[in-house]
Structures are given as structure tokens and as C-alpha cells.
Amino acid sequence: MPHAKRTENLDAIAELVSPFDMVALQEVDSGSLRSGYINQSRYLANHSGMPFWCHQSNRKVGTVAYAGNGFLSRFEPDMVVEHRLPGIIPGRGTLLIRFGEGFDGLDIAVVHLALGKRARALQLKFLGRELDSSRHLVVLGDFNTQADTPHVKELRETLALKVPTLGLATYPSWQPQRAIDHVLISETLQAGKAEVLDVAFSDHCPIALEIFLPAKVRLKEASRPVISVESRRTI
């Protein structure tokens with residue numbers, strides 16, 4: 001429900017993420033009663049100085065809540081693709097951000113998977129089919145399960161992904177005990193420092209990961225505010 005300190009909390013998050021190059025967001029509000037009809041992805045982009053942002057609206061509960069995935073970046077992608085994930089209860093999605101073309105391109109997939117094991121298994125299989133392992137790939141977000149469970153391991157094997165954040169507990173934020181938020185990266189990418197940020201702005205702690213890109217990966221800096229680029233929606 002609406003909270004008097006919601007804007008104060010958003011400002012604190014914006015300050016936290018402002019030093020980063022790319023930021024993935026899950027369960028951010030698209031603009032409803034609980035957020036004061038603020039699109040939280042747009043708000044965070046504007047207040048953190050990120051020139052590019054995009055947002056995927058997924059689950060609407062009347063006028064009370066409208067949750068989705070968001071992405072903020074200092075670099076402008078070439079394409080944004082929205083995927084609707086399968087499941088018994090609709091309202092889960094993947095936001096795919098694509099930089100460059102061909103084998104030297106970079107794909108970022110922001111995910112928020114289901115709580116239920118059966119639906120989550122379907123969603124992981126879907127991602128294994130839809131995501132492109134021939135490109136440099138980062139899959140990150142709230143998996144609602146550990147990275148060494150059978151279906152996540154199957155995804156990792158299918159797409160040749162490693163888990164530099166393996167075992168980092170993020171939930172609940174006030175006493176982290178479960179490692180259910182992950183950053184999976186292609187074997188072609190090199191990971192640096194991985195850490196959980198000790199803040200309680202949400203019920204999950206955020207994960208920060210340093211990634212070194214191959215020299216052939218070219219990212220175009222977004223020198224002006226960009227809301228989104230060409231978007232393609234899939235069902």
C-alpha cells in the first residue's frame with residue numbers, strides 16, 4: 001500500500017545506483033496507487049543521471065499496483081525486446097536489451113521468475129530456447145531459487161553461463177539467508193568483484209558485479225536522455 005516515505009526511498013536507491021553503468025530492476029511499479037502514479041524506472045533514471053531507461057509492465061492489480069521490470073544504462077542499446085514468460089498465473093516477464101549485432105553483440109536479460117517450482121521450470125526452459133548463446137549474454141534478476149538447482153543448472157548448460165555471484169545471500173534484506181538473486185554471464189565474459197550491497201531499500205539486497213567485456217564489444221554512450229529504442233513485444 002502507499003507509504004509516506006516512498007519518494008525518499010526512491011531517492012536513496014537513485015543515489016545508490018548512480019555510480020553504475022547498467023542497472024536491472026525487478027518489481028518496480030509502472031505507475032499506480034502504491035507508487036503515487038510514478039513510473040519508478042523513469043524516476044530512478046532521471047534522479048540517478050542515467051540517460052537511457054526502459055520498462056516492462058507485467059502484473060496489474062486494479063489501480064493499487066502495477067509491477068514490472070526496468071533497466072537503466074549509460075549506454076544506448078540497439079533494440080529492446082519484451083518477452084512474456086509462461087506460467088499458471090500471468091504476470092512474469094523478461095526484458096531483453098540488445099547491444100550491437102552478430103557474435104560480438106551483448107545481450108542483457110532482466111528476469112523475474114515465478115515462486116512456484118513448476119512455473120519456474122517452464123520459464124527457465126523458455127529462456128533456454130529464446131536467448132541467444134552465440135552472443136555475449138548476461139541473465140540477471142530475481143530467480144526465486146538457488147543457482148545450483150537442476151533447472152537453473154540446465155539453463156546454464158544450454159546457454160554456456162557461469163555464476164560469479166553463486167552463494168551470495170540476498171533475501172531477506174534485513175537478515176540475508178537465501179541466495180535467490182543472480183547474475184549469470186557467458187563463458188566469454190570475465191567477472192571481477194561480486195558483492196551484495198548491505199542496504200534495506202527493498203525486501204531483497206541488491207547484487208553488484210563488475211564485468212570485463214571483450215575488446216570487440218562496442219557500446220554506444222547515450223549522450224542525451226533516451227526513453228527507449230525500437231521495441232518488439234512477444235507473447
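The values are calculated or read from the model by the stated rules, or taken from the named source; none is laboratory data. Predicted, not measured: the structure shown is a model, and the values here were computed from it. Glycine gets a Cβ as well: all are built from the backbone with ideal geometry, and neighbour counts include every protein chain shown. Just so you know, the surface numbers come from the protein's heavy atoms only, side chains and all, with ligands and any DNA or RNA stripped out. Shrake-Rupley method; radii C 1.70, N 1.55, O 1.52, S 1.80 Å.
Here is a check on your reading of the model: is Gly49 at positive phi, surrounded by fewer than 21 Cβ atoms within 10 Å (Cβ to Cβ) and either among the aromatic types (Phe, Trp, Tyr) or at pLDDT 95 or above (or both)? Can you show your working first?
Values: at positive phi: yes; surrounded by fewer than 21 Cβ atoms within 10 Å (Cβ to Cβ): yes; either among the aromatic types (Phe, Trp, Tyr) or at pLDDT 95 or above (or both): yes.
So Gly49 fits the description; yes.
Would you mention how many residues in the range 9-30 are surrounded by fewer than 18 Cβ atoms within 10 Å (Cβ to Cβ) and in contact (Cβ under 8 Å) with a residue 24 or more places away in the chain?
8
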Odd one out for Gly91 among (1) closer than 16 Å to Val111 by Cα; (2) buried (at least 21 other Cβ atoms within 10 Å of the Cβ):
(2)
Taking Ala222 and the conditions (1) at pLDDT 95 or above; (2) open to solvent by less than 50 Å² (accessible area, probe 1.4 Å); (3) not basic (Lys, Arg), which numbered condition does it fall short on, given that it satisfies the others?
(1)
Checking the condition within 14 Å of the chain's Cα centre (by Cα) and closer than 20 Å to Phe20 by Cβ, which residue from Leu113, Leu96 passes?
Leu96
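Taking the options Arg84, Arg6, name whichever one is surrounded by fewer than 22 Cβ atoms within 10 Å (Cβ to Cβ), basic (Lys, Arg) and under 18 Å from His204 (Cα atoms). Write out each step before concluding.
Details: Arg84 fails: under 18 Å from His204 (Cα atoms).
Unique residue meeting the criteria: Arg6.
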Considering (1) within 21 Å of Glu8 (Cα to Cα); (2) in contact (Cβ under 8 Å) with a residue 60 or more places away in the chain; (3) surrounded by fewer than 20 Cβ atoms within 10 Å (Cβ to Cβ), say which one Arg34 fails and leave the rest.
(2)
Looking only at the range 57-76, count every residue that is over 16 Å from Val139 (Cα atoms) and open to solvent by less than 30 Å² (accessible area, probe 1.4 Å) and tell me the total.
3
I need every pair where a residue in the range 155-166 that is free of Cβ contacts under 8 Å to residues at least 40 places away in the same chain and under 15 Å from Arg135 (Cα atoms) has its Cβ under 8 Å from the Cβ of a residue that is assigned to a helix (DSSP H, G or I) and charged (D, E, K, R), sequence separation at least 6 or different chains.
Lys162/Arg156
Restricting to the range 121-137, what's the tally of residues that are open to solvent by 10 Å² or more (accessible area, probe 1.4 Å) and in a strand (DSSP E or B)?
1
